[in-house]
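The values are calculated or read from the model by the stated rules, or taken from the named source; none is laboratory data. On a predicted model such as this, the values are computed, not experimentally measured, just so you know. Note that we place each Cβ from the backbone using ideal geometry, even for glycine, and neighbour counts take in every protein chain shown. These area figures cover heavy atoms from the full protein model, side chains too; ligands, DNA and RNA do not enter into them. Shrake-Rupley method; radii C 1.70, N 1.55, O 1.52, S 1.80 Å.
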Amino acid sequence: MKLIDGKSISAEIRREIRTECEAFRASHGYVPGLAVVIVGDDPASQIYVRNKRLACEEVGFQSVVHALPASTTQAELLALIDALNEKPDVHGILVQLPLPKHLDETEVLLRINPKKDVDGFHPYNVGQLIIGNPTFLPCTPAGIMELLKRSGIDPSGKNCVVIGRSNIVGKPIAALLLAANGTVTVCHRKTKNTEEIARSADILVSAVGRAHFLTADMVKPGAVVIDVGMNRDENGKLCGDVEFDEVAPLTSAITPVPGGVGPMTITMLLANTLKAALRE
Ligand code: NAP
């Protein structure tokens, strides 16, 4: 069994981005810029935003955090997005989700210029992904593909099973595995025989969000298991969907939680921001 070390792969990619950022500065006289918009004071969102700002600093990007009060109106938020769309030193715009309930997330995401949509959530970029002409990939699925690539795992011709069909993980990772010539099955709550389908997988991606979900009886010996879940167990400890101790010995490769998919997400945001600046 090979442990797919997301922490070290992520560090390696950040070093590459840092080098590219220096080259970008040398040729353009400025650095890639990311604007992060956060509304309200959700503690988890504040930690995510802080980590994104620190990651930008680490690779040499400019980052500006726009922290708006929970009372911000839809019109005020849209006006900020419009202003950021126009700013030449902002190459990427990220609106931290979830937004407070009174705000319309869909309208806000639609307002971001697709050329600055470094989260890859704008329907234009989602469409580009589906038709096989991707520009900005959503960060978590992009991170999974990078983990596979850098671990020498090629989905081509493999049975790939994705459990979960959210817009941010399940659907886009299914599209990416298909684009990489995998034969893809997606399971969800209404799937009748998820256990059996999971057992047919050469590459099994669990994006369910439930501790202890994926057990040894759902895994074919030799499969690659990617655990996207970020959950708390009974003791409040961070864990994935996968019952790691019993599943890992069966696999040919597996991502741990923490230290697997998690570290890749912000790194791919950096990669998208660099891409946005280079394309501009
Ligand atoms: P989500 O929107 O809640 O989606 C969960 C999916 O799992 C749904 O499609 C649901 O099916 C499916 N599901 C739930 N129970 C199931 C069951 N018993 N059998 C089969 N399918 C089942 O979650 P998400 O946003 O995709 O996130 C999933 C997990 O990944 C969470 O733990 C989240 O914290 C984590 N995550 C991690 C990262 C990272 O950077 N590592 C990034 C994003 C998310 P239905 O559609 O039928 O309801």
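Between helix 262-279 and the chain there is an angle of about 40 degrees, using the helix long axis and the longest principal axis of the Cα atoms.
Annotation note: trypsin sites (Lys or Arg not before Pro) in the range 82-186 located in DSSP loop regions with a Cβ neighbour count of at most 12 within 10 Å are K101. Scoring 68-75, 208-215 by mean Cβ neighbours within 10 Å over their residues and listing the highest first yields 208-215, 68-75.
With a 1.4 Å probe and every protein chain left in place, work out the accessible area per residue of the chain in Å², rounded to a whole number. All intermediate terms of the calculation are to be shown ahead of the outcome.
Working: 13360 Å² over 280 residues.
I get 48 Å² per residue for this part.
The simple Förster model, with R0 at 41 Å and r as the Cβ-Cβ distance, assigns E57 and Y124 a FRET efficiency of 0.90. Taking a threshold of 19 Å on the Cα-Cα distance, which of the pairs K2/K149; K158/K220; K149/K237; K87/K275; K7/K52; K116/K171 fall above it? Checking Cα-Cα distances, K149/K237; K116/K171 exceed 19 Å.
In this label model, I131 and I47 are separated by 4.0 nm, measuring between points 7 Å along each Cα→Cβ vector. From most to least packed by mean Cβ count within 10 Å, the peptides 185-196, 48-59 give 48-59, 185-196. State whether the range 106-257 is rounded, prolate or oblate according to the following rule on the C-alpha gyration tensor (a ≥ b ≥ c being the square roots of its eigenvalues): a/c under 1.5 gives rounded; otherwise a/b larger than b/c gives prolate, and the remaining case gives oblate. Since a/c reaches 1.5 and a/b is larger than b/c, the shape of the range 106-257 is classed as prolate.
Extension gain, A75-N181: 0.36 nm per intervening residue step, less the Cα-Cα distance, totals 33.8 nm. Only helices enter this figure: runs of n ≥ 4 DSSP H residues, each worth -39500 (n - 2.57), summed and divided by the residues of the chain, yield -13000 deg cm²/dmol at 222 nm to the nearest 500. With label points built 7 Å along Cα→Cβ from the Cα atoms of T191 and L3, find their separation and express it in nm. About 2.7 nm, to one decimal.
Rounded to the nearest 0.05, the FRET efficiency derived from the C-beta distance between D154 and L97 at R0 = 35 Å is 0.60. For the range 262-280, the residues whose amide N sits under 17 Å from a probe point set 7 Å from the Cα of Y30 along the beta carbon direction are 273-280.
With the Cα gyration tensor of the chain giving a ≥ b ≥ c as the square roots of its eigenvalues, does the rule (a/c under 1.5 for rounded; else a/b larger than b/c for prolate; else oblate) give rounded, prolate or oblate? It is prolate, given that a/c is not under 1.5 and a/b is the larger ratio.
Taking 0.36 nm per residue of separation and subtracting the current Cα-Cα distance, fully stretching the chain between S200 and E105 would add 30.5 nm.
Sparse packing (at most 16 other Cβ atoms within 10 Å of the Cβ) combined with a DSSP loop state is found for the following trypsin sites (Lys or Arg not before Pro) in the range 228-280: K237.
Rounded if a/c is under 1.5, else prolate if a/b beats b/c, else oblate: with a ≥ b ≥ c from the C-alpha gyration tensor eigenvalues square-rooted, which is the range 86-187?
Numbers: a/c = 2.38, a/b = 1.75, b/c = 1.36.
Prolate, since a/c reaches 1.5 and a/b exceeds b/c.
In this structure the amide hydrogen of C187, modeled in the peptide plane, comes within under 5 Å of the amide hydrogens of V162, I163, G164, none closer than 5 places in sequence on its chain. Its Cα centre serving as origin, the range 92-215 has a Cβ charge dipole (Lys and Arg +1, Asp and Glu -1) of approximately 160 debye.
Measuring nothing but protein heavy atoms, the accessible surface of the range 29-114 at 1.4 Å probe radius is 57 percent carbon and sulfur. Amide hydrogen proximity for S63: with H placed 1.01 Å from N in the peptide plane, the residues at 5 or more positions away or on another chain lying under 5 Å are L34.
Give the calculated FRET efficiency between E246 and K87 to the nearest 0.05, with a Förster radius of 45 Å applied to their Cβ-Cβ distance.
Values: r = 51 Å, r/R0 = 1.13.
Working from the Cβ atoms, E equals 0.30.
Quick check: the angle from helix 6-28's long axis to the longest principal axis of the chain, C-alpha only, nearest 10 degrees? Here the helix axis deviates by roughly 30 degrees.
Derived scalar couplings between HN and Hα for the range 71-76 equal 7, 4, 8, 4, 5, 5 Hz in order, rounded to whole Hz, by the Karplus curve 6.51 cos²θ - 1.76 cosθ + 1.60 (θ = phi - 60°), x for Gly and Pro. Helix 170-179 and the longest principal axis of the Cα set of the chain meet at an angle near 80°.
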